[in-house]
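S.K.: Below: one structure in structure tokens.
The values are calculated or read from the model by the stated rules, or taken from the named source; none is laboratory data. Note that the structure is a prediction, hence the values are computed from the model and not measured. Note that we place each Cβ from the backbone using ideal geometry, even for glycine, and neighbour counts take in every protein chain shown.
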Amino acid sequence: MKAMPNVYELAQRRLDIIFKEFDNICVSFSGGKDSGVLLNLCIDYIRKHKLNRKLCVFHMDYEIQYYQTIEYVDRVFAAHKDILEVYRVCVPFKVTTCTSMYQNYWRPWDEEMKGIWVREMPKDAMTREDFPFYRENMWDYEFQMHFAKWLHLCKDACRTCFLIGIRTQESFNRWRSIHLARKYQMYHNYRWTSKLGNDLYNAYPIFDWKTTDIWTANGKFGFDYNHLYDLYYKAGVSIERQRVASPFLCEAQESLKLYKAIDPNTWGKMLGRVNGVNFTGIYGGTRAMGWHSIRLPEGYTWKEFMQFLLSTLPEKTRRNYLRKLTVSIEFWRTKGGCLDEVTIQRLKDAGVSLEVVNHTNYKTKKKPVKMDYLDDIDIPEFKEIPTYKRMCICILKNDHACKYMGFALTKEEAYRREQIMQQFKNMML
């Protein structure tokens with residue numbers, strides 16, 4: 001019986017297709033382990049097959065990064081400058097932050113903050129003046145979408161492919177990015193691709209790799225990698241939790257304090273650059289930030305404690321949380337959240353008043369359950385149940401997007417996203 005191909009061999013087959021079918025190829029390179037291996041695979045492929053072509057590399061420089069990441073990026077660009085065409089972007093787009101209750105975004109390379117930039121802008125950087133599509137209110141993910149079309153036009157390409165180093169093992173959102181691509185047009189029905197526009201595609205050649213595969217490739221083929229991961233390992237961070245990303249995201253709060261030990265010079269400059277960094281660095285991962293079991297103040301219910309927390313927030317921030325809470329309460333009362341039979345039974349055993357709906361438009365075996373918000377409940381599926389305690393944790397984490405709550409988008413946010421997608425769709429015509 002013929003042996004099944006391993007993930008490396010499958011990735012090589014995908015690269016065969018990409019390099020044969022697309023005249024313009026660009027790798028999105030963050031300096032992390034996944035995009036690093038993907039870039040190395042592409043460099044290795046070009047040299048191994050002696051291709052007479054350049055490989056574009058798109059690197060979004062967020063100003064505040066570990067020194068080791070900057071060194072790695074510089075090292076890769078210098079070592080392969082003969083075949084790489086680098087787009088190192090230093091633009092003041094809006095980037096989400098969860099370190100502050102006063103602001104939900106910050107701007108890298110903000111000219112108004114030039115005096116306190118964490119580091120000097122790289123000499124080979126491309127700035128806002130290089131991109132005619134840049135707008136002041138543009139988020140980083142919007143910039144990426146517009147950059148794809150801009151590069152495709154600048155290259156006068158027949159077909160452009162952006163290679164993204166994401167793996168489904170990393171998170172549910174990444175799994176969804178791959179598998180929901182089936183809802184959109186793919187390139188020749190390859191499920192590891194998704195269409196961005198006319199003759200413009202994303203591809204995910206290592207989507208089925210595991211973390212161990214990444215490090216096996218680095219060791220087996222001698223690929224250069226970001227030595228920040230060595231320091232993570234020495235600091236006791238498991239290989240599954242070692243990530244290179246914006247330090248101010250909700251997912252990075254717990255590890256933000258590592259900057260003090262790993263890169264103290266950068267940490268010192270970060271304190272005055274983004275609001276709330278020091279507090280989050282001290283208390284991220286503790287009860288103060290809501291990561292573990294928080295205690296209810298004596299004499300309060302969780303709903304009352306939530307109202308107290310809201311009263312301490314700036315007006316704009318308070319309205320944001322209240323809008324999301326209103327949407328969520330209405331959703332659970334009128335449509336219901338999908339829960340499995342075990343969770344439903346546990347709610348019934350706990351005496352919770354609920355209504356189970358026997359049909360849903362979602363492709364799931366779970367059933368919609370209509371119910372009112374609870375104050376708190378002690379069951380294993382706590383994160384699936386609408387409670388005021390969860391909202392308290394959300395506020396304490398400065399989770400402006402309410403990811404911890406799993407809230408649906410508000411009408412305003414949904415409209416904004418739709419406008420962005422429609423604008424991008426029109427660009428492709």
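S.K.: Being polar (S, T, N, Q) and under 22 Å from the mean Cα position of the chain (by Cα) is the filter here, so list the residues in the range 8-32 that pass it.
M.R.: Residues satisfying the conditions are 28, 30.
S.K.: A follow-up question, please. Which residues, taken from the range 147-163, are at positive phi and assigned to a helix (DSSP H, G or I)?
M.R.: Scanning the range 147-163 gives no hits.
S.K.: Then there is this: Kindly indicate which of 51, 38 is over 18 Å from residue 162 (Cβ atoms), in contact (Cβ under 8 Å) with a residue 24 or more places away in the chain, in the same structural domain as residue 84 (by TED's automatic domain parsing) and not charged (D, E, K, R).
M.R.: One residue alone meets the criteria, 51.
S.K.: Still on this structure: List, please: which pairs have Cβ atoms under 6 Å, are six or more places apart or on different chains, and start with a residue in the range 124-136 that is over 14 Å from residue 149 (Cβ atoms) and end with one that is among the charged types (D, E, K, R) and not in a loop (DSSP other than H, G, I, E, B)?
M.R.: Within 6 Å, the pairs are 124/88; 125/88.
S.K.: Six or more apart or on different chains, Cβ under 8 Å: which pairs go from a residue in the range 146-159 that's surrounded by fewer than 18 Cβ atoms within 10 Å (Cβ to Cβ) to one that's part of a helix (DSSP H, G or I)? Could you list them?
M.R.: What qualifies is 159/21.
S.K.: Continuing with this model, one more query. Could you grab me the full set of residues in the range 313-344 that are without any contact (Cβ under 8 Å) to a residue 24 or more places away in the chain and either outside the structural domain of residue 389 (by TED's automatic domain parsing) or hydroxyl-bearing (Ser, Thr, Tyr) (or both)?
M.R.: Passing the criteria: only 326.
S.K.: Restricting to the range 38-89, and then to whatever is part of a loop (DSSP other than H, G, I, E, B) and charged (D, E, K, R), can you tell me which residue is surrounded by the fewest Cβ atoms within 10 Å (Cβ to Cβ)?
M.R.: This residue is 50.
S.K.: Considering only residues that are under 20 Å from residue 47 (Cβ atoms) and among the hydrophobic types (A, V, I, L, M, F, W, C), look in the range 204-230 and name the one that is surrounded by the fewest Cβ atoms within 10 Å (Cβ to Cβ).
M.R.: 221
S.K.: Might you let me know whether the range 20-29 holds any residue that is among the hydroxyl-bearing types (Ser, Thr, Tyr) and farther than 25 Å from residue 228 by Cα?
M.R.: Scanning the range 20-29 turns up no residue that is among the hydroxyl-bearing types (Ser, Thr, Tyr) and farther than 25 Å from residue 228 by Cα.
S.K.: Restricting the search to the range 341-373, which residues are surrounded by 12 or more Cβ atoms within 10 Å (Cβ to Cβ) and under 30 Å from the mean Cα position of the chain (by Cα)?
M.R.: 343, 360, 366, 367, 368, 369, 373
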